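Peer 1: Starting off with a structure, shown below.
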Amino acid sequence: MLSDPELRRLHWRAHHRGTREADMLIGGFFDAHHASWDSEERALFSDMLEEQDVDIMAWAIGTAEPPERFGGPMIDSLKRLDYIRIAR
């Protein structure tokens, strides 16, 4: 369980997006990467959570370009999609 209140808030927001697909993509991304984030990266992720799920998902799969403010390592990691668990 996360002890940091900010991380708990981000975790909840990342995992409760409204669709199962968005929960898996955005929540899975949070789970895989949050431990390495500094305060600036947390703030960037928080800002990204204010965007529409369809936009975030489009950035992840490469069908749309993210706004410049989101460009960089976080979006590069989001595009890898290696954090999504798929039942087989």
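All of the numbers you see were taken from the coordinates with simple rules; none came from a lab. Because the structure is predicted, anything quoted here is derived from the model rather than measured. When we count neighbours, we look across all protein chains shown, and the Cβ atoms used for this are built from the backbone with ideal geometry, even at glycine.
Peer 1: Could you compute the FRET efficiency for ARG42 and HIS16, with r as their C-beta to C-beta distance and R0 at 25 Å, rounded to 0.05?
Peer 2: Details: r = 18 Å, r/R0 = 0.71.
Computed FRET efficiency for ARG42 and HIS16: 0.90.
Peer 1: May I ask you to sort ILE26, ILE56, ILE84 by Cβ crowding, counting other Cβ atoms within 10 Å and putting the fewest first?
Peer 2: The order, fewest Cβ neighbours first, is ILE84, ILE56, ILE26.
Peer 1: Restricting to DSSP loop positions (anything but H, G, I, E, B) with no more than 11 other Cβ atoms inside 10 Å of their own Cβ, which GluC sites (Glu not before Pro) remain in the chain?
Peer 2: Working: sites: GLU6, GLU21, GLU40, GLU41, GLU50, GLU51, GLU68; in loops: GLU50, GLU51.
Those satisfying the criteria are GLU50.
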